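Asks: Next up is a structure, given as structure tokens.
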Amino acid sequence: MPIDLSEIAQIYREEWGRIVATLIRLLGSFELAEEAAQEAFSVAIEQWPRLGTPANPRAWLVSTARHKAIDALRRQRRSAGSEHLLETLEAASGPESGLREDEHPVEDDRLRLIFTCCHPALNREAQVALTLRTLCGLTTEQIAAAFLVPLPTMGQRLVRAKQKIRDAGIPYRTPPQAELAERLASVLLVIYLVFNEGYNAASGQRELCEEAIRLGRLVCELLPAESEARGLLALMLLHDARREARVDGDGDLILLEEQDRALWLRPEMAEGLGLVESALRQGPGPYSVQAAIAAVHVRARHATETDWAQIAGLYDVLLRMQPSPVIELNRAAAVAMAEGCAAGLRLLDDLEAQGELPNYALLPAARGALLLRMGAWRLAAGAYRQALALAVHDAERRFLAKRLGEAVARFDEDG
């Protein structure tokens, strides 16, 4: 049956990670696997609209990519190390090899690939970039644009990561049980970093949020016993459910308490709440507790019904698990809502005295918000000026400038 290019694009999106993971196992090379996969999709774009879609598109693409790799290796026959690999591939490529290829443990291949991309020998930036490139199929241009990095810089980052995997002999495997917990933490952090980059971007990078959620689902599918994987997926879904209400028509940020909750996405909320309950029953971890905090917000039909005391208590739990000045800042905001602005300001004073967030715009922004609630217009304006000087994203700057204007206007009114 003929197929149009949009359907091929959808197959690319859904199958790229599986295909590349299988090819890396077969070829032992990131570069050769990616090049062969790209060539296979190019052939599909040329042939499928005319000849129809194969019965098993992924098997067809893997088989075609393998033949493209054989052709490339034949051209490089004299290069070191290619002869043995060429013989292995040629021996494995019978007339029905495409069908047999699809019977290989594809899910195991993807699991190996996730842990290879997130190997601790690679720095965090390389882990993120390599995961987006190999598992999600994003182009180097897309990754560079998403992270506001020059294209040559991102290209070199990917090249160096692949070279390090090759030169250091980083194994393409799922780590043994003794290493799994530590390595899984790295995998989950990379996924969370991808999500946050998309969620906090000035214009909102929906593509990164979608890819992070897709990776989260993949890890939950491949490691169903890992409660923190479910906790992370729940956290991302519950935040992402609010995306339509987070900004106005001009792209300006809307505070959580001011959002139109009718715009929150019910299917994502329901899925996230179910995952939170499942993760917490098995044993809470940092992502599960953060998801539980998001769940309290989601369950409140109106902002006034939010159980801030419960949120403050959950931040206490999170601080014991994962001490962090950012978590302390979030707890201070929750305490202010539960016990009053004065209690929150005392916690902010303590946090500022520690000197751990000297250039973090949200610390003076939180102070400005509490002072604004208390009617301390001049002090609020000073806090917002400090926050505005530290803000990074345009949408954040516009929000803070608006709050600063409000504080100044109220101060002028009161004389």
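Asks: Over the chain, what is the relative contact order in whole percent, taking alpha-carbon pairs under 8 Å and six or more residues apart? Could you put the intermediate results ahead of the total?
Replies: Working: 522 pairs, mean separation 38.8, N = 415.
This gives 9 percent for the chain.
Asks: Just to be sure I follow: if Rg is taken over the C-alpha atoms of region 360-415 and Rh is the Kirkwood radius over the same atoms, what is Rg/Rh?
Replies: 0.97
Asks: Using Cα-Cα distances under 8 Å and only pairs 6 or more residues apart, what relative contact order does region 360-415 have, in percent?
Replies: Numbers: 58 pairs, mean separation 20.9, N = 56.
Here the relative contact order equals 37 percent.
Asks: Suppose each label sits 7 Å from its Cα in the direction of the beta carbon; what would the GLU46-GLN10 distance come out to in nanometres?
Replies: 2.6 nm
Asks: What share of all Cα pairs of region 139-277, in percent, falls into each consecutive 10 Å distance bin?
Replies: Per 10 Å bin, starting at zero, the Cα-Cα P(r) for region 139-277 comes out as 11, 32, 34, 18, 6, 0 percent.
Asks: Please report the spacing between the Cα centers of region 1-75 and region 207-242 in Å, no decimals.
Replies: 27 Å
Asks: So who's got an amide H within less than 5 Å of the one on VAL247, skipping anything under 5 residues away but keeping other chains? H placed 1.01 Å off N, in plane.
Replies: Placed amide hydrogens put ILE254 under 5 Å from VAL247.
Asks: While we're here: Compute the length gained on full extension between GLU339 and LEU189: take 0.36 nm times their separation in residues and subtract their Cα-Cα distance, giving the result in nm to one decimal.
Replies: 50.7 nm
Asks: Any idea what angle helix 325-339 forms with the longest principal axis of the chain, computed on alpha-carbon atoms, 0 to 90 degrees, nearest 10?
Replies: Roughly 40 degrees between the two axes.
Asks: Another question, then. For region 18-79, what is the convex hull (Cα atoms) projected area averaged across all directions, in square nanometres? Numbers along the way, then the final one.
Replies: On the way: hull surface 16.8 nm².
For region 18-79, the mean projected area of the Cα convex hull comes to 4.2 nm².
Asks: Mind giving me the nanometre distance, one decimal, between the label points for ALA389 and GLU141, set 7 Å out from Cα along Cα→Cβ?
Replies: In this crude label model, ALA389 to GLU141 measures out at 4.1 nm.
Asks: Same structure again: What FRET efficiency do you get for ALA401 and GLU352 if R0 is 25 Å and r is their Cβ-Cβ distance, rounded to the nearest 0.05?
Replies: Here the calculated transfer efficiency is 0.65.
Asks: Let me ask another. What is the mean projected area of the alpha carbon convex hull for the chain, to one decimal in square nanometres?
Replies: One quarter of the hull surface, i.e. the mean projection, equals 23.7 nm².
None of the figures in this text is laboratory data; all of them are computed from the coordinates on show. Everything numeric here is computed off the predicted structure, so don't read it as measured data. Cβ atoms come from the backbone with ideal geometry, glycine included; neighbour counts cover every protein chain shown.
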